């Protein structure tokens, strides 16, 4: 947020209170303009998708284990979270065919709110199966998704030929691969190098940084966008700081621990977006705050690792 200094405020106030005339009018106008600037929200952090240059907001929504049941309570929670996402400038929603009823819940909520054009939908298939794709599209109530990912890559020889064909046919705009298991990193690396998808989604958090060494360099090499799954380390990071205040040195760039954890990841320019999961609208709004204000610099990121990263 832009800041209005006390000296600037006093000078403008004095001008605004001057005798009626041109000087007073200009001073008053300048004061109004400066106060408006000071109150305006900071610009959103946007990141470019390497394969296209399209820019998307850098914080999205993950839906694993949060919208699994297609019932009234879940739909209400999803509607609140999706509205919070869009109202704060977010777009990216990541789901999967195997996340229970999450696709159906999202399809209902997004359709009812007429938000399809406002959101960037990413989903995942367990295999290159036409029937599974058709089911996902039907549940999401859309003829195409923005990003279609092959979930949990385990085979070093895995082909993305079907996904590329679906992209050419207009069933998706981008394709990707995912893994949240270190034991599958060999396969993820091999497929990433050979198939060169538009995106790779990988587990990455302040206390789980192996992706920095193994996945992020290859992603940069093949120009793949990077989505970070499990950015809170399956809740480990919040447990590690329970009852602790945010350190003073972190307050210039983070207002909450959630923003602290997310901004650590976004401090690496190779990260396209972080996708923390939540079914709470207030938490969604807090997470989206990581898109505003400055990011930690290299030295601050080292301090963040020293504080929590080795646990």
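Each reported figure results from applying straightforward, stated rules to the coordinates on display, with no laboratory input. Owing to the predicted nature of the structure, the values given are computational and were not obtained by experimental measurement. Cβ atoms come from the backbone with ideal geometry, glycine included; neighbour counts cover every protein chain shown.
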Would you mind calculating the relative contact order of the stretch 153-285 from Cα pairs under 8 angstrom and at least 6 residues apart, reporting the percent as a whole number? 21
Taking every eigenvalue of the Cα gyration tensor of the chain, multiplying by 5 and rooting it, what semi-axes result, largest first, whole Å? 39, 24, 19
Quick one: helix 185-195 against the long Cα principal axis of the chain, what's the angle to the nearest 10°, folded into 0 to 90? 90
Volume per residue that the Cα convex hull of the stretch 174-311 spans, once the total is divided by residue count, Å³: 114
Compute the Cα gyration tensor for the stretch 36-140, then decide on rounded, prolate or oblate, letting a ≥ b ≥ c be the square roots of its eigenvalues: rounded whenever a/c is under 1.5, prolate when a/b is larger than b/c in the other cases, and oblate in all that remain. oblate
Take every DSSP beta bridge with both residues inside the chain and express the antiparallel ones as a percent of the total, to the nearest 5. 15
Assuming 0.36 nm per residue, please report the length gained on full extension of the stretch residue 165 to residue 80 beyond their Cα-Cα distance. 27.1 nm
How much of the DSSP beta bridge set in the stretch 177-276 is antiparallel, as a percent to the nearest 5? 10
Kindly provide the helix-only [θ] at 222 nm of the chain, computed as the sum of -39,500 (n - 2.57) over DSSP H runs of four or more divided by all residues, to the nearest 500 deg cm²/dmol? -12000 deg cm²/dmol
To the nearest 10 degrees, how steeply does helix 6-16 sit against the main Cα axis of the chain, on a 0 to 90 scale? 60
Given a 10 angstrom Cα cut-off, can you work out which residue in 242, 234, 76 is the most mobile in a GNM of the chain? 242
Using 20 Å as the cut-off for backbone N distance, which residues of the stretch 264-289 belong to the label zone defined by a point 7 Å from the Cα of residue 72 along Cα→Cβ? 280-281
Exposure proxy order (Cβ contacts within 10 Å, fewest to most) of 183, 279, 52: 183, 52, 279
What percentages, rounded to whole numbers, describe P(r) for the stretch 97-241 computed over all alpha carbon pairs with 5 Å bin width beginning at zero? 2, 10, 19, 20, 19, 15, 11, 4, 1, 0
If neighbour count is taken as other Cβ atoms inside 10 Å, put 80, 300 in order from fewest to most. 80, 300
Taking 204, 99 and counting other C-beta atoms within 10 Å, the order from fewest to most: 99, 204
Quick one: compute the contact order of the chain, relative version, from alpha carbon pairs under 8 angstrom and 6+ residues apart, as a percent. 18
